[in-house]
Structures are given as structure tokens and as C-alpha cells.
Amino acid sequence: MIRPGPIDPGARSDTLGAPRRGGTPEAKLGNKVNREVLSILADHDPGLLLDIPAGTGPVIGEARKAGWRTVEVDLFPPDGFRGVRADACAPLPFADGAFDCVLSMEGIEHFENQAAFVRECSRVLRPGGLLIITTPNVMHISGRLSHFMTGQRVLKRGFINEQETYKGADGQWILHGHAFLVDVFRLRYFLRIAGMRVGEIRRGNWSTSSLLMAPLIPVFQLAARFAVKSRHRIDERDPHGKPIPASVAEDIVRVASSTNLLLSSKLIITAYKES
């Protein structure tokens, strides 16, 4: 494992020996997610970009063509990987504020310590820097129905278990499948306590079964407003309560009411490090 500390962010390591795994799940992303990520990058001035976990880098080549300089990090890198091997849930071997953008495609749902990962992303970003996270959406309408019946996001995928979810190990490191799927509100919380504000929620491919239930969208939006207002009333009556500011309540309702959240099978979330 690389020791954390200030190093040249552009450094490459060829001596870190790839573990027994060739590739990471993000290489299988559909074109819609890739196009959205590239669109977000195109809206920002090119700078130094950290791709973690990099895997086979589904968009990194196009990002370089657009002027981004890139550093790739992966704990389970594919053959021929020429980046830095490091654990995303541990202190990263980069200086504070080293990057203009951190990109994490289909990674966080595999990480044991998601809060630590988000804090590290914030630490290595410069003030105002951009974080892009893509992840499966557990909160589309169909996913909520499946969770109600089975506790799982997708009805036909069965249950998390030690046979199918466990993908292997390399020494102290374990490669998990989708063992740590994260909902958008937990992710928003991780971002906020790491000093980041949530920007856009963009979508990947539509969830076909959720589209069929799209007439229910107003019901979910009303439920979100009701939940926020009810909690606010409880906090106001409680002498030890801590009512959230109106701006926070509005942001939560904005996220909860997002059509992309309710209908998309994948989420692309942007966040910015506060100054």
C-alpha cells in the first residue's frame, strides 16, 4: 500500500504489481452515463483530474482529448494499468487541494468506508473543485417497490450474499460487488459533512419499469414534502430539537422530487468543494 503524503499528482507507478483481477465494473457502463460525464467535464475549464477507481477508464481518453490532465487510481487495476495503486477508503497519496476534478464512476457502491472516501475526495480537491460520482440508483420508483418486497434494489437479482457478492481478495483488501449501494440522501449527507455542496442530479438510462409507474411521481413528491415538514414540526415542538434551516429543507425536497431520481437506473451526481 502506498503511504499517504504529498507527492506529485502526475506521478505514475509501474512497480505496484496488479492483483488477481483484470478490470473493474465501471468499464461496463452504458453510453448514456459516459456522455453525461463528458458533458459535465465539457462545461468546466480543463485542469488536473483524478479518476478513482479508474479501471479501464471509460471516459478518460475523451477527457484527455478535451484538455484534461489525468491521474488514475485503482486498488484492483486491470492488466497494463499505469496509474497509482491505492485504497480509495484510506488516505490518498496526494496533497491537499491537488486536483481540479475528482471522477468516480461506479465505485462508491463497492467501498466499505464511503464517508472516508468522500472526505478524501474533498481533501484533494481545490476550493471550488468538482466531484462527479456515478452509481446505481436505489431510489427509482421500481427500486422502491422491489425494496418494499425484498429489501433489495432489483427484484430479479436476488440477495446480497457471500457467494455472489464477494469477488475475491488480495492480501488485506477485499473486492466487493454491490455490497454497499448508497441512496442519494446518505450520499448527500457524506458530501455535506465533507464540505461540499450538491450540484446537479443527472440520469443514466431510464428504468423501464419505473417509467411505467411515472404517473405516481406527484405522490412521491408530495410524500417528500410531507416528510420534511413533519420532521420540522416535531423539532419545533421539542425543546431539544434542532430544526433545519429553510435552505436545507428546500435542497432536500429538490433532491427527493427529482424526476431523474425517480425514473433513472443510474445517477450522476455533481458536487463542489466549498471555499
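Each reported figure results from applying straightforward, stated rules to the coordinates on display, with no laboratory input. Just so you know, these numbers come straight off a predicted model, no measurement behind them. When we count neighbours, we look across all protein chains shown, and the Cβ atoms used for this are built from the backbone with ideal geometry, even at glycine.
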Subject >> Fluctuation leader among Phe117, Phe220, Phe94 - the chain, Gaussian network, Cα springs under 10 angstrom >> reply: Phe220
Original post:
What is segment 62-131 by shape, rounded, prolate or oblate, if you read a ≥ b ≥ c off the alpha carbon gyration tensor as root eigenvalues and call it rounded for a/c under 1.5, prolate for a/b larger than b/c, and oblate otherwise?
Top reply: oblate
**OP:** Note down the relative contact order for the chain as a percent, whole number, built from C-alpha pairs under 8 angstrom at least six residues apart.
**Re:** 21
**OP:** Using label points projected 7 Å from each Cα along Cα→Cβ, tell me how many nm separate Ser275 and Thr259, to one decimal.
**Re:** 3.4
**OP:** Enumerate lysine pairs in the chain that are 8 or more residues apart or on different chains, then count those whose Cα atoms are under 26 Å apart.
**Re:** 15
Original post:
For Met105, which sequence-distant residues (separation of 5 or more, or a different chain) have an amide H within less than 5 Å of its own amide H, given hydrogens modelled in the peptide plane?
Top reply: Ile52, Thr134
Subject >> Ordering of 264-274, 190-200, 150-160, 35-45 by burial proxy (mean other Cβ atoms within 10 Å per residue, highest first) >> reply: 264-274, 190-200, 35-45, 150-160
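Is there a quick way to get the dipole size of the chain? I mean about its Cα centre, with the Cβ of Lys and Arg at +1 and of Asp and Glu at -1; what is the value in debye to the nearest 20? Can you show the working numbers first?
Working: 35 positive and 29 negative charges, 139 e Å.
Once rounded to the nearest 20, the dipole reads 660 debye.
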**OP:** Would you mind counting up the charge near Ser122? Only other residues with Cβ under 15 Å from its Cβ, with Lys and Arg at +1 and Asp and Glu at -1.
**Re:** +3
**OP:** Give the shape of segment 82-200 as rounded, prolate or oblate, defined through the alpha-carbon gyration tensor: a ≥ b ≥ c are the square roots of its eigenvalues, a/c under 1.5 means rounded, and otherwise the shape is prolate if a/b is larger than b/c and oblate if not.
**Re:** oblate
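Please report the antiparallel percentage of the DSSP beta bridges confined to the chain, to the nearest 5.
Working: 18 of 32 bridges.
Within the chain, antiparallel bridges account for around 55 percent of the total.
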